[in-house]
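Q: First the structure, which I've put down as structure tokens, then a few questions once you've had a look.
Coordinate-derived values only; no laboratory data. Predicted model only: the values in this text are computed from it and were never measured. Using ideal geometry, Cβ is built from the backbone for each residue, glycine included, and neighbour counts are taken over all protein chains shown.
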Amino acid sequence: MPEQVDILLRGGTVVTMNGKYEVFEDGAVAIRGDAIIAVGPTDEITRAYAATETVECADTVIMPGLVNAHTHIPMTLMRGLNDDLRLDVWLGYLMPVEREFVTPDFVKLGARVACAEMIRSGVTTFADMFYYEEAIAEQVAEIGMRALLGQTILVFPAPDAETFEDALLLCRRFIEHWNGHPLIQPAVAPHAWYTATPELLLACADLARAFDVPLHTHVSETRLEADNSVNQNHMSVVTWLEQHGILDTKLLAAHCVHIDEEDMFSLRRAGAGVAHCPSSNLKLASGIAPIPQMLKLGLKVGVGTDGPASNNDLDMVEEMRLASFIAKIAAQNPTALPARQTLEIATIGGARAVHMGAITGSLEPGKRADIAVLDMSGIHNQPHFHNHPDAVYSRIVYAGKSADVSHVICNGRWLMRDRALLTVDEAAARTDALRVAADIDAFVMERESSPYNKLVLLSGVQRQESFEVQVKVPMADDTALQMLLESSAITTTRYAHYRQYDHYFLFDQGDPDANRLRYREDEFINEAGDVTQVRARLTLIGEGGREEFPNAVMMSRSRWLAAADRSLRFYQEYFAPARELRVHKDRHRWHILYKATDFAINLDKVLEPELPGYFLEIKSRTWSRSDAQRKAGLIAELVAQCGLDFDRAERREYAEIATSANYEKDTTPG
């Protein structure tokens with residue numbers, strides 16, 4: 001008497017991806033409830049089992065559902081937004097959009113779009129990292145996919161948490177709610193070491209260990225990240241994470257592009273999974289991960305698409321093909337990462353990488369019924385050869401397309417049948433996504449309308465509408481200034497020596513409040529001539545007000561200040577100015593009291609562009625025209641005591657002097 005099962009897939013080529021790599025050319029899979037009951041030749045399985053539903057699968061491949069080992073699924077709603085940028089600049093554009101738009105409803109919609117796309121490419125399991133993972137879990141569970149969902153934890157404010165302490169609490173509650181769910185595996189997801197503090201990393205590791213859940217984080221994705229870790233931490237990214245407890249967890253390490261053999265051994269000892277994201281790494285020019293070497297050393301490697309805003313799709317069939325090809329070109333060896341091994345890392349290897357290898361990733365009795373059926377009758381996949389045992393893997397990896405996926409089952413439930421999605425309203429998701437895109441478009445166009453808006457949305461600004469009276473007079477040497485400073489009429493309250501590196505971005509918008517942006521690096525110099533401190537800041541300078549007094553002293557103002565916590569190259573690419581110019585000067589500054597009034601005296605040597613002699617600059621803050629007139633008179637007295645001629649006073653700022661010195665750099669493409 002045949003044993004009763006719910007679903008019987010029969011007559012296809014069954015690619016098991018089990019430990020023996022068994023393939024049954026005329027095979028069948030029996031499913032009861034959420035589990036696979038039997039796998040084998042069709043005649044054997046049909047004799048042993050009777051099914052409520054039998055599906056004929058001639059001219060198909062029946063294989064494990066693909067595992068997308070790393071992605072950010074709500075970013076489907078930002079697909080194609082600000083492409084062709086470096087990773088850090090791209091994040092600089094994207095994070096303000098996330099702060100503005102990401103809500104529970106936003107991530108649910110993004111999840112619906114993403115799940116529809118992934119199901120269509122044969123994905124049944126994925127690993128996500130984003131915000132509001134509670135809402136994502138609700139949506140994914142309803143759709144019926146299997147997922148490791150990592151609640152993002154950052155050191156700075158995020159859409160769902162103002163502080164990392166808030167994010168940790170949110171993550172803890174998420175784990176408590178979903179741990180043990182048949183489809184959803186909650187995880188702790190510190191974004192990366194460079195968006196964390198040591199305390200944050202230690203706390204995340206403690207939380208993951210306390211609940212015995214995975215920890216999902218980005219690891220050594222770019223050369224810049226790897227170099228920064230060596231420069232700042234004096235060790236590799238992997239070693240830094242190891243020292244902060246991250247390798248003592250069920251780690252899923254995304255990217256791992258720039259790791260060496262020592263790092264690989266550390267990850268292997270830790271039992272960590274690695275998510276290889278070839279499309280994203282190529283698109284962002286991050287590099288090519290050394291996957292064949294990782295596999296040779298025994299690491300658990302999976303394949304991921306990364307987020308659809310950096311790939312720009314969730315097509316795992318395409319991702320497999322690309323993973324194999326770039327491994328071959330990187331190794332200059334066509335035998336590197338062959339088709340069977342490629343399919344392995346996209347199925348059972350990916351399942352192991354996301355710490356689910358015991359329940360999914362291969363077609364074996366007792367495992368969950370997570371299955372993709374590929375139609376192999378398309379002309380792009382003809383003809384079929386049978387003389388080599390690995391020919392079927394070549395057909396899947398090198399000639400297969402996501403459009404070949406005809407049926408998808410996850411946890412024993414139909415998600416797609418005859419290419420029709422059964423658990424996602426694809427048309428409604430598309431309509432809703434277009435509406436959100438229109439709102440994001442309006443936001444981005446407003447941001448792009450001025451450098452001020454871009455600066456505010458990037459890091460916030462502090463308004464400083466300061467007025468100054470000042471004069472700048474060229475002088476051959478500092479003799480007269482030293483005599484002035486030694487005068488009994490002068491009291492020096494503070495002295496500093498520093499070098500200033502000013503980089504000006506000039507814009508053509510014609511916005512008087514955003515005439516130019518200055519990126520300034522100050523190096524503070526001690527008596528021995530050593531650099532003791534470095535400070536960087538941004539100042540958005542408008543045309544402001546300028547008034548000349550009879551003694552050539554003028555009023556000026558700067559408008560907006562912001563911390564400069566990124567590289568100069570980042571700001572060049574983010575703001576994309578029409579032109580740039582540089583001013584480099586060595587500055588000695590004295591704060592003095594003269595007739596009960598504060599002044600700053602600067603002795604500047606302009607090194608770039610190279611200008612002869614020195615400039616004596618005397619300035620003081622002011623708050624009214626009458627105060628400015630009084631201070632202008634005092635400045636005139638100070639200049640006279642130095643024996644300098646006001647007729648030689650320079651009425652321009654250093655940026656204008658640099659421009660007139662023909663030092664302006666045109667940055668227009670081409």
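Q: If the limit is 31 Å between Cα atoms, which of K328/K454; K296/K367; K20/K283 go over it?
A: Beyond 31 Å between Cα atoms: K328/K454; K20/K283.
Q: What is the range 209-280 by shape, rounded, prolate or oblate, if you read a ≥ b ≥ c off the alpha carbon gyration tensor as root eigenvalues and call it rounded for a/c under 1.5, prolate for a/b larger than b/c, and oblate otherwise?
A: Because a/c hits 1.5 or more and a/b fails to exceed b/c, the range 209-280 counts as oblate.
Q: Of M1, G19, V107, whose Cα points farthest to the positive end of the dipole of the range 1-145 (charges on the beta-carbon: +1 Lys, Arg; -1 Asp, Glu; origin at the Cα centre)?
A: The listed residue farthest towards the positive side: V107.
Q: For a footprinting-style exposure proxy, rank V123, V392 by other Cβ within 10 Å, fewest first.
A: V392, V123
Q: Go ahead and estimate [θ] at 222 nm for the chain from helices alone: -39,500 (n - 2.57) per DSSP H run with n ≥ 4, summed, over the residue count, rounded to 500.
A: -10000 deg cm²/dmol
Q: Would you report the distance distribution of C-alpha pairs in the range 10-157 as whole percents per 5 angstrom bin, up to the bin with the largest distance?
A: 2, 8, 15, 16, 14, 12, 9, 8, 7, 6, 3, 1, 0
Q: Would you list E446, E318 from fewest to most Cβ contacts within 10 Å?
A: E446, E318
Q: Follow-up question, since we're still on this one. Give me log10 I(q)/I(0) at q = 0.06, 0.10, 0.11, 0.12 Å⁻¹ for the chain, Debye formula, one equal scatterer per alpha-carbon, no solvent.
A: Each listed q corresponds, in turn, to -0.45, -0.93, -1.06, -1.19.
Q: Here is a further query. So how far, in whole Å, is the C-alpha centre of the range 79-156 from the one of the range 174-210?
A: Taking the Cα centre of the range 174-210 as reference, the centre of the range 79-156 is 17 Å away.
Q: Determine by what factor the alpha-carbon radius of gyration of the range 71-219 differs from 2.2 N^0.38 Å, reporting the quotient.
A: In units of the 2.2 N^0.38 Å rule of thumb, it is 1.00.
Q: Can you tell me the dipole magnitude for the chain around its Cα centre, using point charges on the Cβ only (Lys, Arg +1; Asp, Glu -1), in Debye to the nearest 20?
A: The dipole magnitude comes to about 440 debye.
Q: Arrange S266, S121 by Cβ neighbour counts within 10 Å, fewest through most, would you?
A: Fewest to most other Cβ atoms nearby, the residues stand as S266, S121.
Q: Next question. Take the Cα pairs of the range 399-452, get the Kirkwood Rh, then feed it into Stokes-Einstein at 25 °C and 0.890 mPa s and tell me D in µm²/s.
A: In µm²/s, the coefficient is 171.
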